[in-house]
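Here, each number is a calculation from the coordinates, and none is a lab measurement. The shown structure was predicted, so the numbers you read here are calculated from the model rather than taken from an experiment. All Cβ positions, glycine included, derive from the backbone under ideal geometry; neighbour counts span all protein chains shown.
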Amino acid sequence: MKKRLSLLILILFSLSNVAIYADVIIDDSIHSEIEKEYELDKLPPLPQTSNNSSINSNSNNSNNNSSNKNKNPIQSVPIKYSNKKTNTTNSQKKEEINEKKETQQTQSSKPNKVITSQIENDNNKSIKLNKGKTFDVKLLNTISSKSKIGTNISFSSVKPQTFKYVTIPVGTMFYGKITNAHSAQLTGNGGLIEIKVNSFKYKNKIYSIDAKVTLADDKHIFFNNIKGKRMYLKNMYKKTNYGRKTVKRTFRSSVRLTKDPYTLILSPFPICFGLVAYSVNAVLSPFLAIFTRGSDITIQKNARFKIKMLDDAYIY
């Protein structure tokens, strides 16, 4: 019996040692696995349970009771919530919106008032120059049908012109441009100058006008076209010079033939030949005159012009 008991005791002791060793191995394996995934130094603290918290609180209370006996107890003050801030912010926003609207309305209304007042003041201060009035002026540049389109020209008034409330004095400057020009052309067409007067200077201010030329170099101008002489008819007459000269020569030869009785019978033939040549030349002269040119035009400085206003103008 004693032997059996001793064997049982040895077996139990060995089994206990084996179990302890197995637990150690299991703990080491778990610990190694935790180290692989987490850093043991940076692990968060364990959550406190109710039992732990009560134990800690009791210990803390017991330690701090002595220190807190002399201190005044802290009274809890109830927190009150109200909607005043929200109401004030909403009201402030409404007031800001209203102020913006008022400023926009005032800004939009002010320019209109200013513009209307300016227009009224301008209308009250302006002086009307009625259309149809003419100005006697002299040319300050030399122009010709060979001048370029867009060339600036100027005039100076030689007579005063009166309007209601104002008189345009002598020496007032008028300005214009050559809007169209060409030199003499075929078919006997003459040169052309077309002038547009667009402004004048009064009391050191330049005002725009719409005017045309009705008199240029003491010659009346129609449709604002200053034209050179058309030479078609004159050139057509010139083209009959050969026929007229032929008639004169044949007439003289016919007269000489009549002086001799032997040649008297031949005297009509020369004059007849001259008349035939003249008639042929007269028929061809209109076609020959097509290839001739008219005359160019040149207007010298200080030539007299007359300017007529085509529309009302205003000075201030």
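Given the peptides 258-269, 285-296, arrange them by the average over their residues of other C-beta atoms within 10 Å, most packed first. Intermediate values should be presented prior to the final figure.
Details: 258-269: 11.1, 285-296: 16.1.
So the order, starting with the most tightly packed, is 285-296, 258-269.
So how far apart, in nm, are the two label points at ARG4 and LYS196 if each is 7 Å from Cα heading toward Cβ?
Inter-label distance under the simple model: 14.4 nm.
Amide H neighbours of LEU215 under 5 Å, at least 5 residues apart or on other chains, H built in the peptide plane: list them.
Placed amide hydrogens put ILE221, LYS306 under 5 Å from LEU215.
Can you divide the C-alpha Rg of region 234-289 by 2.2 N^0.38 Å and report the result to two decimal places?
1.33
When the Cα atoms of region 128-285 are enclosed in a convex hull and the volume is divided per residue, what value in Å³ results?
Per residue, the Cα convex hull of region 128-285 comes to 149 Å³.
As an exercise, use a Förster radius of 35 Å and the Cβ-Cβ distance of LEU186 and LYS128 to find the FRET efficiency, rounded to the nearest 0.05.
About 0.15, to the nearest 0.05.
Okay, which of region 184-210 sit inside 20 Å, backbone N to the point 7 Å along the Cα-Cβ direction of LEU310?
Answer for region 184-210: 192-201, 207-210.
What is the list of residues in region 296-316 whose amide nitrogen lies under 18 Å from a point 7 angstrom out from the Cα of ASN204, following Cα to Cβ?
316
Could you calculate the contour length gain from SER14 to LYS301, that is, 0.36 nm times the residue separation minus the distance between their Cα atoms, to one decimal place in nm?
Computed gain between SER14 and LYS301 is 88.8 nm.
What is the Å³ per residue value for the convex hull set by the Cα atoms of region 165-226?
Spelled out: Cα convex hull of region 165-226, divided by residues, is 118 Å³.
Rounded to the nearest 0.05, what FRET efficiency is calculated for ILE149 and PHE222 with R0 set to 22 Å and r the Cβ-Cβ distance? Could you put the intermediate results ahead of the total?
Details: r = 21 Å, r/R0 = 0.94.
Efficiency computed from Cβ-Cβ geometry: 0.60.
Between GLN161 and residues 5 or more places away or on another chain, which pairs have amide H atoms under 5 Å apart, with H built 1.01 Å from N, and which residues are they?
The list, which skips near neighbours in sequence, is ILE168.
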